[in-house]
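Here is the structure we will look at.
Since every read-out is calculated from the coordinates, none of them should be taken as a lab result. Quick caveat: nothing in here was measured; it's all calculated off a predicted structure. Note: ideal-geometry Cβ built from the backbone for every residue, glycine included; neighbour counts use all protein chains shown.
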Amino acid sequence: MTTLSRRAALVGLGATAATTAFAKAPLLGPSTPTHYRFALGAYEVTTIFDGAIQLDGPHPIFGQDQTAEAVAELAAERLLPPTRMEIGFTPVIVNTGSEVILFDAGNGAGRRPNAGALRARLSEVGFTPEQIDIVVLTHFHPDHIGGLMEDGVPAFPNARYVTNALEYDFWSPEDKLSGGTERVAKLTQSNVVPLAEQMSFIDDGEEVASGVTAMAAYGHTPGHTVYHLENGGERLLLGGDFANHYVMSIERPDWHVRFDMDKDAAAATRRNILGMLAADKIPFTSFHMPFPAVGFIEPNGSTFRYVAASYQLNL
């Protein structure tokens, strides 16, 4: 029988502790939450992270009518990189208890590196593609309609579709398949037009479902539409792309944005919606706000400021 001395035991323990202290774990890479869920009266609202892209900017994507120096200066003042930026994508599901409504279908798998995760993430969010009853399209830009089809078949096989007629009528004609409208029109032909028989068209002030009302927000595209939700005395605006950056679009709503087709109309729409959100203190979610893409707007002199939601919607 071998007896271990006290000194040897202590040395052994020290060696073990040292080994543990210096043990290495592999780097795991960046991580982002995949979804955020909160109640709106009797409704449940879930924002879902479809992914993000990193690119040069903000100028000239934002502040297209400004100097690069002016845009970089604002970015630096807000502790943002002056020459690089990230754009995220956040579709929203609203479960009314009787219908599951998806607002925008995301990029679709394979269209962009690091984006197009919506359909794959539905199961961890708590849904299946077959449970989506209605898909509402705020507009037809590729990051909103790219996920409507997967491998040539509808990604949400039991859904009906809702959009603004102006948007459909602008992008669907064959004469849009060339020139500056070519890219979006081709995707509209492959992803939206095949769904036309299951599609209904909505106008300003009309309801998708009880308490889900369309609001015209034209300018970004010809028929861009946002949606006002109200249930149990609580309100939320689903903003689509009325504001595409939480600093550039909200603190400088009059600056031109590359993605806006009618830049003056889009700026006027932005100011009107931001003014309403600030005056009524309504929370909102918008497709390109920093994930989980839910926040508030407060007045800031002649302009506005974005305030990310913290625990307000959890209570």
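So here's what we get for this one:
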{"read-out": "Built amide H within the under 5 Å cut-off of L80, gap 5+", "value": "none"}
{"read-out": "Values of log10 I(q)/I(0), in the order q = 0.24, 0.25 Å⁻¹, for the range 138-225 under a Debye, Cα-only, solvent-free model", "value": "-1.29, -1.36"}
{"read-out": "Per residue, the convex hull volume that the Cα atoms of the chain enclose (Å³)", "value": "211 Å³"}
{"read-out": "Per-selection metrics, the range 175-293 (Cα): Rg and Dmax in Å", "value": "15.5, 47"}
{"read-out": "Hz values of 3J(HN,Hα) by residue in the range 230-246 - Karplus curve (6.51, -1.76, 1.60), Gly and Pro given as x", "value": "8, 7, x, x, 10, 10, 7, 9, 9, x, x, 10, 5, 9, 9, 8, 6"}
{"read-out": "Furthest towards positive pole of dipole, Q312, H59, L102, structure part the range 43-314, Cβ charges", "value": "H59"}
{"read-out": "Cβ-based net charge around L40, under 11 Å, with every Lys or Arg adding one and every Asp or Glu removing one", "value": "-1"}
{"read-out": "Relative contact order of the range 158-258, defined on C-alpha pairs under 8 angstrom at six or more residues apart (%)", "value": "20 percent"}
{"read-out": "Neighbourhood charge, 13 Å Cβ-Cβ cut-off, centred on R119 and excluding it, Lys, Arg +1 and Asp, Glu -1", "value": "-4"}
{"read-out": "Crossing angle, helix 263-280 versus the chain [Cα axis fit, 0-90 degrees, rounded to tens]", "value": "70 degrees"}
{"read-out": "Percentage relative contact order, the chain, counting C-alpha pairs under 8 Å, at least six apart", "value": "15 percent"}
{"read-out": "Neighbour-count order for V193, V45, fewest beta carbons within 10 angstrom listed first", "value": "V193, V45"}
